[in-house]
Amino acid sequence: MDIDLNADLGEGFGPWRMGEDEALLDVLSSANVACGFHAGDPVIMDRTVRQALARGVDIGAHVGFPDLQGFGRRPMQIDVQELAAHVVYQLGALAGLAHAAGHRMTHMSFHGALGNMAAADAALAEPLVAAVAAFDPTLIVSTSASRAIEGAATKHRLRTGITFLADRACGDDGLLVPRKLPDAVIHDKARVLGRVRQLLEDGTVTSYSGRRLQMRVNSILLHGDTPGALELARTVRAAILASSARVVPLSRQLA
């Protein structure tokens, strides 16, 4: 079994740092890089791309709402065509910096509230995924389990990599539950590790209500802004290797 180990990186702004990105890059096989809308800026993006390249780590664009103050976690009512343009803008920014550094962008994912809204609404997912396909049909769409996003990707002939968010609870439909719910974000290291081991051992995850769900997964994601993310990433990587699986980025799994 091959599994990608991924985290959201580059989520600082100006002189403010978020997380231990450089150390995490020594553990990960791929990274989702903030593209300046919910976090990040050109300098942070460039630095993250070059650090990833030096370690052989894949990079993808982590695109979100234009909401620096709210970290992209607040729903926004924006015209769909305008949102599609925002998606392409962010993809282009990271792709350009990657090209200049001699790296390449292999995948993309939707961040925060934008990702949650697209995952639950096929009418929103379709034009946004269409914009990704128009920009670069070779990109992989990295997403948590979502019929809306997966269906749109299939329609537009894009590959999908299904991601298990180890530190986020999901509902019985596989979609992430709102962060406002108790324990929606799982901070206890032992619980996160237990969820990872369950996934590796029998291909299931336990939903917020306690239901056991079958889940086909290509990637395990950790949030780089979560306290203790580095130690947790090392522990999760060790659990993957102990299960006889290999840590392999999406671009190699889905080649």
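The values are calculated or read from the model by the stated rules, or taken from the named source; none is laboratory data. What you see is a predicted model; the values in this text were computed from it and never measured. Cβ sites come from the backbone with ideal geometry, for glycine too, and all protein chains shown count toward neighbours.
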Inset, instruction - Looking only at region 178-190, decide whether some residue is among the charged types (D, E, K, R), surrounded by fewer than 19 Cβ atoms within 10 Å (Cβ to Cβ) and within 27 Å of VAL247 (Cβ to Cβ). - result: yes
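Listed residues ALA233, ALA255; which is surrounded by 16 or more Cβ atoms within 10 Å (Cβ to Cβ) and within 29 Å of MET105 (Cβ to Cβ)?
Result of the check over ALA233, ALA255: ALA233.
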Legend entry - Residues that are surrounded by fewer than 24 Cβ atoms within 10 Å (Cβ to Cβ) and farther than 12 Å from ALA7 by Cα, drawn from region 24-37: GLY36, PHE37
Inset, instruction - With respect to ASP188, determine if the residue is at pLDDT below 95, out of contact with any helix residue (DSSP H, G or I) (no Cβ under 8 Å at 6 or more places or on another chain) and acidic (Asp, Glu). - result: yes
Inset, instruction - Check whether at least one residue in region 150-164 is in a helix (DSSP H, G or I), at pLDDT 95 or above and surrounded by 21 or more Cβ atoms within 10 Å (Cβ to Cβ), and report yes or no. - result: yes
Legend entry - Of all residues making up region 197-210, the number that are in contact with a Phe, Trp or Tyr (Cβ under 8 Å, 6 or more places away or on another chain) and within 13 Å of SER243 (Cα to Cα): 1
Inset, instruction - Starting from residues that are in contact (Cβ under 8 Å) with a residue 60 or more places away in the chain and of a type in the set (Lys, Arg), keep the ones in region 140-192 and report whichever is farthest from ILE220 (Cα to Cα). - result: ARG179
Inset, instruction - Could you please tell me which pairs satisfy a Cβ distance under 6 Å, a separation of 6+ or placement on different chains, a first residue in region 226-253 that is farther than 17 Å from VAL192 by Cβ, and a second residue that is of a type in the set (Asp, Glu) and surrounded by fewer than 17 Cβ atoms within 10 Å (Cβ to Cβ)? - result: ARG246/ASP2; VAL248/ASP2; GLN253/ASP2
Inset, instruction - Would you be able to tell me the number of residues in region 38-56 that are surrounded by fewer than 24 Cβ atoms within 10 Å (Cβ to Cβ), farther than 18 Å from TRP16 by Cβ and hydrophobic (A, V, I, L, M, F, W, C)? - result: 2
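Quick grid of which residues meet (1) assigned to a helix (DSSP H, G or I); (2) over 18 Å from the mean Cα position of the chain (by Cα):
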{"site": "VAL27", "(1), (2)": "no, no"}
{"site": "ASP46", "(1), (2)": "yes, yes"}
{"site": "ALA54", "(1), (2)": "yes, yes"}
{"site": "GLN69", "(1), (2)": "no, yes"}
{"site": "LEU83", "(1), (2)": "yes, yes"}
{"site": "GLY96", "(1), (2)": "yes, yes"}
Inset, instruction - Run down MET117, MET76 and say which single residue is modelled with pLDDT of 95 or more, hydrophobic (A, V, I, L, M, F, W, C), surrounded by fewer than 22 Cβ atoms within 10 Å (Cβ to Cβ) and not in a helix (DSSP H, G or I). - result: MET76
Inset, instruction - Kindly establish whether ALA101 is under 22 Å from MET45 (Cβ atoms) and of a type outside the set (Phe, Trp, Tyr). - result: yes
Legend entry - Which numbered condition LEU158 fails, given (1) touching a Ser or Thr at 6+ places or on another chain (Cβ under 8 Å); (2) of a type in the set (A, V, I, L, M, F, W, C); (3) under 30 Å from ALA131 (Cα atoms): (1)
